Structures are given as C-alpha cells and as structure tokens.
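Accompanying notes for the structure given below.
The values are calculated or read from the model by the stated rules, or taken from the named source; none is laboratory data. Quick caveat, the model's predicted, so the values are computed rather than measured. Neighbour counts are summed over all protein chains in view; Cβ atoms, including those assigned to glycine, are modelled from backbone coordinates with ideal geometry. Each accessible area value is taken on the protein alone, full model and side chains, heavy atoms only, with ligands, DNA and RNA left out. Shrake-Rupley method; radii C 1.70, N 1.55, O 1.52, S 1.80 Å.
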Amino acid sequence: MSEVDNFRQRVFQIIAAIPSGQVTTYGEVARMAGSPRAARQVGGVLKKLPEGSTLPWHRVVNRHGEISLQGEDFKRQRQALLAEGVMFRAGKIDLLTFGWKF
DNA sequence: TTACTGACTCGGA
DNA sequence: ATCCGAGCCAGTA
C-alpha cells in the first residue's frame, strides 16, 4: 500500500496540525482523513501510539465534547487539556474550544 | 485468508 | 438532555 492511502499516516498528520488549546473529534479527523465512517479507527490508531510520540492525541475527543478514555488515561488527557487552557463544564469541553477545523 | 475488536457515530425512543 | 441498538472499517490475531 502506498503512503497517501495509509490511513494511519493521514491521521498522524491531521492531529499534528491541531493547534494547542483546541480540540476536534474522532469523527472529524476521520472525515478529514477521507474516511468519514472510520471514527473508531482513529481511536484505534491512537491507542497504538509509541511511548515517546509527540503527537497531541489528547486534543481528540468524542462528538459530545467528552473524553472517551477511562481511569488514569482519562485523568492524563484532562490534565493535558487543562494545561493548554481548555475549559470544561460538567465534564464536557466548553463550546469555545470545541469544533476546531482547518 | 477469515474473525474479532472497539480512544466512535448516528438515529430513534 | 439520556439511553440503546445497529452500522462502520482499519487494525490485529
């Protein structure tokens, strides 16, 4: 398979371009990657990220503006977002920072 | 090769 | 707003 058709490579590239302090959804990343129904696979890709990756995976949340991770991973993602100034209200991301697009 | 998985989403109730 | 069932599809085994 060629580089441009590699879904994982596209996902990396798209997420790497999300500005600090802003977030997007799995579905939006999937759409931008050219596979609108592959939202689950975006999560699947992120789950397999190498330890030392600098990819801002924490800037990707579900369509409700909530963190989909559980337990310690949930805490780490929330902490990373708070550190960037992302605002939460009742466990959901404030509409101001939700909905980033190119 | 086939079978199963699931950091999701949509539509309906 | 919440809950649930069904569909999706790139990885993985």
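Please return the ranges of helices (runs of 4 or more DSSP H) entirely within region A:1-93 where 3 or more residues are away from DNA strand C (no atom under 12 Å from the Cβ) and open to solvent by 30 Å² or more (accessible area, probe 1.4 Å).
Where helices (runs of 4 or more DSSP H) fall fully within region A:1-93 and carry at least 3 residues being away from DNA strand C (no atom under 12 Å from the Cβ) and open to solvent by 30 Å² or more (accessible area, probe 1.4 Å), they are A:71-83.
Residues to consider are A:Leu55, A:Leu49, A:Leu81; find the one that is at pLDDT below 95 and in contact with a Phe, Trp or Tyr (Cβ under 8 Å, 6 or more places away or on another chain).
The conditions single out A:Leu49.
Among the candidates A:Arg10, A:Arg40, single out the residue that is within 11 Å of DNA strand B (Cβ to nearest atom) and modelled with pLDDT of 95 or more.
Every option except A:Arg40 fails the conditions.
Only residues in region A:39-51 that are over 14 Å from A:Ile15 (Cα atoms) count as the first member; pair them with residues that are more than 6 Å from DNA strand B (Cβ to nearest atom), Cβ under 7 angstrom, at least 6 apart or cross-chain, and list the lot.
As it stands, the answer is none, since no pair meets every condition given.
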